[in-house]
1. Could you check how many residues of the range 204-225 are in contact with an Asp or Glu (Cβ under 9 Å, 6 or more places away or on another chain), small (Gly, Ala, Ser) and not in a loop (DSSP other than H, G, I, E, B)?
2. Any residue that is modelled with pLDDT of 90 or more and over 27 Å from Arg127 (Cα atoms) - is there at least one of those in the range 207-221?
3. At least 1 residues that are at pLDDT 75 or above, surrounded by fewer than 20 Cβ atoms within 10 Å (Cβ to Cβ) and in contact with a Leu (Cβ under 9 Å, 6 or more places away or on another chain) in each: list the helices (runs of 4 or more DSSP H) lying fully within the range 45-149 that qualify.
4. Pick from the range 220-242 the residues that are more than 18 Å from Ala106 (Cβ to Cβ) and touching a residue at least 24 places away in the same chain (Cβ under 8 Å): which of them is surrounded by the fewest Cβ atoms within 10 Å (Cβ to Cβ)?
5. Scanning for something part of a helix (DSSP H, G or I), in contact (Cβ under 8 Å) with a residue 24 or more places away in the chain and under 20 Å from Phe55 (Cβ atoms), does the range 158-173 turn up at least one residue?
6. Could you please give the count of residues in the range 174-193 that are assigned to a helix (DSSP H, G or I) and within 22 Å of Leu36 (Cβ to Cβ)?
7. Against the condition over 13 Å from Gly59 (Cβ atoms), under 19 Å from the mean Cα position of the chain (by Cα) and modelled with pLDDT under 85, how does Phe171 come out, does it pass?
Amino acid sequence: MEAIYILWLRELKRYTRSRAQIIASMGQPLLYLLVLGFGLGPVYQKAGGGSYLQFMSPGVIGMAVLFSSVFSGIALLWDRQFGFLKETLVAPVPRIEIMIGRTLGAATTAMIQGLLVTTVCLIAGFRPVSLAMVPLAFLFLALIAIVFAALGTTIGSSLQDMQAFPIVMNFLVLPIFFLSGALFPLKNLPRALGIVTSVDPLSYGVDGLRVALLGGGYFGATIDLLVLTVVAVILLCLGAWRFSKIEI
């Protein structure tokens with residue numbers, strides 16, 4: 001357990017020390033929030049959807065957590081290339097503890113990123129419908145972070161070349177985001193698109209945030225929690241297995 005705490009703390013310190021990383025990681029959520037939120041707001045309102053900023057804010061928060069947690073896999077590749085991971089792996093510590101510590105650290109930094117974006121959304125005009133549901137939103141935030149931090153660890157453990165990671169992410173992370181319903185309602189979609197969105201884990205995370213923050217969703221809070229929990233367990237197990245196969 002001590003190893004888990006040390007690695008979790010190391011990931012957290014690495015994030016908080018890099019002010020440039022924090023500022024840069026805010027750029028894309030701000031772009032979507034300000035350009036789309038205000039730019040498409042009148043069109044969405046005329047279509048009878050109400051405030052588009054209110055609708056898309058949970059999706060932008062989910063996007064911030066997604067990108068921050070998945071790209072933690074780059075840190076794993078970096079450590080493999082420059083030696084810190086080798087020093088960790090030869091220590092008399094079970095690899096499962098190393099993997100859990102790194103994954104929880106990545107999930108924690110992703111949650112911090114999500115909270116920062118939430119603050120920006122509040123400044124821009126987003127308002128939760130009920131403060132009593134905020135703890136539920138925090139739970140969904142944590143589940144999204146764990147799911148995609150575990151995914152990032154799985155991918156980072158499977159790749160050998162750090163240059164290949166951005167390519168994989170562009171073919172995986174961007175579709176996960178755009179097909180999650182973060183920017184559009186999941187109701188009345190074409191059948192094929194509806195099937196694709198239903199197998200996207202982020203769809204349930206964003207929907208859960210909307211249930212908690214806006215008072216309504218598509219799948220329902222129970223289904224969202226169940227799916228995210230099951231996917232988190234599967235990806236943590238898969239990540240632990242792939243991490244155990246890393247050669248020193």
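1. Final tally of qualifying residues: 3.
2. The answer is no, given that none of the residues of the range 207-221 is modelled with pLDDT of 90 or more and over 27 Å from Arg127 (Cα atoms).
3. Result: 95-124.
4. Thr229
5. Within the range 158-173 (the criterion being part of a helix (DSSP H, G or I), in contact (Cβ under 8 Å) with a residue 24 or more places away in the chain and under 20 Å from Phe55 (Cβ atoms)), the answer is no, since none of the residues qualifies.
6. Of the residues in that region, 6 qualify.
7. Yes, satisfied.
The values are calculated or read from the model by the stated rules, or taken from the named source; none is laboratory data. Quantities reported herein were computed from a predicted structural model and do not represent experimental measurements. Because the Cβ atoms are built from the backbone with ideal geometry, glycine has one as well, and the counts that use them run over all protein chains shown.
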